[in-house]
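Following: one structure in structure tokens, then a few remarks.
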Amino acid sequence: MRTFPSDNKKIVIKVSTNMITDGVDTIYLDKVQAFVKEVAELIKEGKNIIIVSSGAIGSGLAKLGIKMRPKEYKQLQALASVGQIHLMSIYQEEFNKHGLNVGQILLSADDTKDSTRRANVRNTLDVLLEKGIVPIINENDSVAIEELSYGDNDHLSALVAILLFVDLLIILTDVEGLYDKNPKIHSDCKLITQVEKIDDSLEKLAEDIDGEITFGGMKSKIRAIRKLTNIGIPTIITSFNNKNILKKLLNGEEFGTYFLAHK
């Protein structure tokens, strides 16, 4: 069983696109429903949950029935503007079933660089949490071209975690965690269940696992997590396909890879 440095009162949960959509024309409603149910249960237990959710472009593809993801930025931005509304309507409908409302916050990199805007974001999040409203954050993909090019929401979730100095970041993805080899190539790979400290060699391992993939891959996650653990915020990467995964993690069950915070 794992032990945490705090009681995990305030938690950021980052949701990958693969939990929301197949990236083409299908919304995984069953997975979203299971996730929302778990989050609602945690909130009723007194947890403060902030969701950083990818999936706007994939939701736009599904909403418009487009079978192939375009490459042009302006096409992606248009899809994000349609998909973000669709995505939030799904979240709102599902959280309503549990008597909860959601609040949408769209951020770009500039919002976390400017001190005044950073304070405004923090204030908004604090008020939403005080009122029992679930904050759902995404990158402002419809206007921020650089966010579409250099990462999904890994770094954004880390920045939000730092902004609120939360107790824990949970990254839900389509792999069980960090492996010692690429699990898509090596059948003898082993899951790394705990990381004491992220160093350059671990970042290199993540880079090797990703290969040519740089968009929202393991390298992006490790770099984001390194920022958090350096200031005392632990992080877990695990698969959203594990049933009741959030409850199990917070009970200390050893799923995924646990990155210890530095004291």
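Computed from the coordinates by the stated procedures, all read-outs in this text should not be read as laboratory data. These figures come from a predicted structure and were not determined experimentally. Neighbour counts run over all protein chains shown; Cβ positions are idealised from the backbone, glycine included.
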Quiz item: How about Lys243: which lysines have a C-alpha closer than 22 Å to its C-alpha, ignoring those fewer than 8 places off in the same chain?
Solution: Lys9, Lys10, Lys14, Lys31, Lys37, Lys44, Lys47, Lys97, Lys190
Self-check item: Tyr73 paired with Lys97, simple spin-label distance in nm, labels 7 Å along Cα-to-beta-carbon
Solution: 3.9
Exercise. Specify which residue in the list Ile225, Ile105, Leu79 is farthest towards the positive end of the charge dipole of the chain, using unit charges on the beta carbon of Lys, Arg (+1) and Asp, Glu (-1), about the Cα centre.
Key: Ile105
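Rounded to the nearest 5, what % of the DSSP beta bridges within segment 1-138 are antiparallel ones?
Values: 1 of 14 bridges.
Of all bridge pairs located within segment 1-138, approximately 5 percent are antiparallel.
Using square roots of five times the C-alpha gyration tensor eigenvalues, list the equivalent-ellipsoid semi-axes of the chain in whole Å, biggest first. Provide the component values of the computation, followed by the final result.
Details: eigenvalues 127, 105, 72 Å².
Here the semi-axes work out to 25, 23, 19 Å.
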Quiz item: Among the helices of the chain (complete DSSP H runs), which have Cα atoms covering no less than 24 Å along the helix axis and a Kyte-Doolittle mean of at least 0.0?
Solution: none
Quiz item: Size of the dipole of segment 10-259 about the Cα centre, Lys and Arg at +1 and Asp and Glu at -1 on the beta carbon, nothing else charged, in debye to 20?
Solution: 420
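Can you list the GluC sites (Glu not before Pro) in segment 56-112 that are in a DSSP coil and have 15 or fewer other beta carbons within 10 angstrom? Don't skip to the end; give the middle numbers.
Working: sites: Glu72, Glu93, Glu94; in loops: Glu72.
Counting only loop positions with at most 15 other Cβ atoms within 10 Å, the GluC sites (Glu not before Pro) in segment 56-112 are Glu72.
Restricting the count to DSSP beta bridges whose residues both fall in the chain, what percent are antiparallel, rounded to a multiple of 5?
On the way: 5 of 31 bridges.
Roughly 15 percent of the beta bridges in the chain run antiparallel, per DSSP.
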Exercise. Could I have the simple spin-label model distance between Lys247 and Asp208, label points 7 Å from Cα toward Cβ, reported in nm to one decimal?
Key: 4.0
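Can you sort Phe259, Phe4, Phe240 by how many other beta carbons sit within 10 Å, fewest first? Please report the intermediate quantities before stating the final value.
Working: Phe259 27, Phe4 16, Phe240 23.
So the residues, fewest neighbours to most, are Phe4, Phe240, Phe259.
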Exercise. Would you mind ranking Ile105, Ile27 so that the residue whose beta carbon has the fewest other beta carbons within 10 Å leads the list?
Key: Ile105, Ile27
Quiz item: Mind checking which lysines have their C-alpha under 22 Å from Lys74, skipping anything on the same chain fewer than 8 residues away?
Solution: Lys63
Self-check item: Signed unit charges on C-beta, dipole axis of the chain, positive-most listed residue Ser239, Met1, Thr21
Solution: Met1
